[in-house]
């Protein structure tokens, strides 16, 4: 209960509240000025923030085109054109990997696949209705006496099989969408690419259509945003969906053969037997220091372990340490060497397959090629004189079409010179030939052959031959090896290092090409190695040698040669840059129609035997010397 008297007393003792005192003009002016300063400061801060934002670029700003124009069938991305295709329907049967030719097309493209799972119960219910409808139609046709309809029967069989798979859980059901967007620098190029893409789809009996007034939706659907704006589906179960996957694992391995390296796609082993291919020939292209000699030496060493004979033509004594390590025969071919090869040697027929007349004719043609290299340009009349002189030279040694070639003694270059002197109009030829019989280059061809090829590894070194004599010497050595190969059939590999020398002369290039074409008959595989790729490929015989070589190894290439390499081997841009940027021993390994990225690896012991690194070779020599000194102590 409130005491009214006490409340009244308190009211009388309380001081009255004074009204607000008005501010002066000076105070109001100061407040206004303060507010204006705060507003200006906030405005400056906002402008500074806007200026900062203008200098900040996000990843979207970096990847966005300068302009974007949407056309009915394509879009223009700042001067680069793009168009899309979507798959409408598939054939009844489609092979696994059918999409690989499209994915591996050497064109820039984006691929999008969308999978929308459908519950099995819904599909089974609809399939049950479809089965009932088809069975009713087949029964009705049978009652009417109509001929059987194989289309309906096949559809019924497929549906029943799919019902079983869905019921057992071995298959799932999806709505599957597949879109492809292609890019080009001009509208004409884009049209050509779209026609090419349409042909690829058509070759697989897959019906695909190009976007029309949906160019932007097609482009957005193939962007890595998982945004399907096209929504063109096809009902498909798991197996055909899996056959469309673009993830192709390149395998290149067989049950037999040697280890060439590691598959850089999936780290599997590249085990291969070159003699299982259509032919056993190989080409190795690489720049200096890219590991081509290392790769070939490793193949040689591992082939020797498998019982294959190997013959090597060595231009720089790179294979001497390998030969010494495995107990091979190292033959130095030079003017001052004791090893001699007679270019007039003849092969012994293998099993009577070649007649003496054919062997003599082939020898005359081969020696004429050698004489063209030795004597330079010759006229048609001089060519006829050489032809008749060679035949008479063999005839003088009783080497005729009826002779037993196993008991003959072949002539030498001096015998040919004496026969040639007796021909009218041969004076100039004899003068040019005397350089090799009596002049500066005498001592290389005028002696009978005295070398021994009875070894699993034989290395012919031509390092000490003069530059003018080197093509002649290599041609003679290759011809001698060819005669040995034809005389006794064995599993052999012939390695010709720095083969571009032989490509510089038409006769020697023609001879190597003929050797590559015929060697399969005699169980021989020819390996040609070169670092001067352009000289090799610009020769028509060089390109033919590549075509006749089923095994091809490309290591790091120079920018000057990469365009020629890409054109010759039909490389994609990715493979092109792989060859430009690869490390030592990395490249591409071709075996017939298949190829993979390779990394050549060797064990420690193999590396010590086959290395070509000068620094490593000096370290090996130093360690050997140190070991020998310790043994002496």
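The values are calculated or read from the model by the stated rules, or taken from the named source; none is laboratory data. Keep in mind that this is a model prediction, so the values were computed, not measured. As a convention, Cβ positions derive from the backbone with ideal geometry for all residues, glycine included, and neighbour counts pool all protein chains shown.
A compact table of results
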{"read-out": "So residue 73, is it at pLDDT below 75 and part of a loop (DSSP other than H, G, I, E, B)", "value": "no"}
{"read-out": "Cβ-Cβ under 7 Å pairs, at least 6 apart or on other chains, the range 498-509 side within 23 Å of residue 317 (Cβ to Cβ), far side part of a loop (DSSP other than H, G, I, E, B)", "value": "498/315; 500/532; 503/539"}
{"read-out": "Residue within the range 575-586 that is surrounded by fewer than 21 Cβ atoms within 10 Å (Cβ to Cβ), touching a helix residue (DSSP H, G or I) at 6+ places or on another chain (Cβ under 6 Å) and in contact (Cβ under 8 Å) with a residue 40 or more places away in the chain present", "value": "no"}
{"read-out": "Every residue from the range 166-199 that is outside any strand (DSSP E or B), surrounded by 17 or more Cβ atoms within 10 Å (Cβ to Cβ) and at pLDDT below 90", "value": "166, 171, 172"}
{"read-out": "Lone unmet requirement of (1) under 30 Å from residue 65 (Cα atoms); (2) without any contact (Cβ under 8 Å) to a residue 12 or more places away in the chain; (3) touching a helix residue (DSSP H, G or I) at 6+ places or on another chain (Cβ under 9 Å) for residue 177", "value": "(2)"}
{"read-out": "Cross-chain or 6+ apart pairs with Cβ under 6 Å, the range 273-285 first and outside the structural domain of residue 542 (by TED's automatic domain parsing), then in a loop (DSSP other than H, G, I, E, B) and crowded, with 24+ Cβ neighbours inside 10 Å", "value": "none"}
{"read-out": "Residue match in the range 306-321 (condition: surrounded by fewer than 15 Cβ atoms within 10 Å (Cβ to Cβ), free of Cβ contacts under 8 Å to residues at least 60 places away in the same chain, more than 23 Å from residue 477 (Cβ to Cβ) and not assigned by TED's automatic domain parsing to the domain that holds residue 495)", "value": "no"}
{"read-out": "Those residues of the range 204-218 which are part of a helix (DSSP H, G or I) and within 20 Å of residue 176 (Cβ to Cβ), in sequence order", "value": "217, 218"}
{"read-out": "Residue under evaluation residue 212, criteria (1) at pLDDT below 90; (2) more than 23 Å from residue 593 (Cα to Cα); (3) surrounded by fewer than 13 Cβ atoms within 10 Å (Cβ to Cβ), criterion not met", "value": "(1)"}
{"read-out": "Residues of the range 76-104 that turn out to be modelled with pLDDT under 80 and either outside the structural domain of residue 171 (by TED's automatic domain parsing) or touching a strand residue (DSSP E or B) at 6+ places or on another chain (Cβ under 9 Å) (or both), as a count", "value": "0"}
{"read-out": "Qualifying residue in the range 288-302 (condition: surrounded by 23 or more Cβ atoms within 10 Å (Cβ to Cβ) and over 21 Å from the mean Cα position of the chain (by Cα))", "value": "yes"}
{"read-out": "Checking residue 104 against (1) over 17 Å from residue 179 (Cα atoms); (2) surrounded by fewer than 16 Cβ atoms within 10 Å (Cβ to Cβ), the condition it does not meet", "value": "(1)"}
{"read-out": "Filter pass, residue 589 being surrounded by 15 or more Cβ atoms within 10 Å (Cβ to Cβ), in contact with a strand residue (DSSP E or B) (Cβ under 6 Å, 6 or more places away or on another chain), modelled with pLDDT of 80 or more and in the same structural domain as residue 283 (by TED's automatic domain parsing)", "value": "yes"}
{"read-out": "Selection within the range 485-530 - under 23 Å from residue 562 (Cα atoms) and not in a strand (DSSP E or B)", "value": "497, 498, 499, 500, 501, 502, 503, 504, 509"}
{"read-out": "Search result, residues across the range 430-464 that are more than 16 Å from residue 479 (Cβ to Cβ), touching a strand residue (DSSP E or B) at 6+ places or on another chain (Cβ under 6 Å) and in a loop (DSSP other than H, G, I, E, B)", "value": "455, 456"}
{"read-out": "The range 545-560: number of residues that are more than 26 Å from residue 520 (Cβ to Cβ) and surrounded by 20 or more Cβ atoms within 10 Å (Cβ to Cβ)", "value": "2"}
{"read-out": "Residue in the range 451-465 that is surrounded by fewer than 23 Cβ atoms within 10 Å (Cβ to Cβ), closer than 26 Å to residue 533 by Cα and either assigned by TED's automatic domain parsing to the domain that holds residue 408 or in contact with a helix residue (DSSP H, G or I) (Cβ under 8 Å, 6 or more places away or on another chain) (or both) present", "value": "yes"}
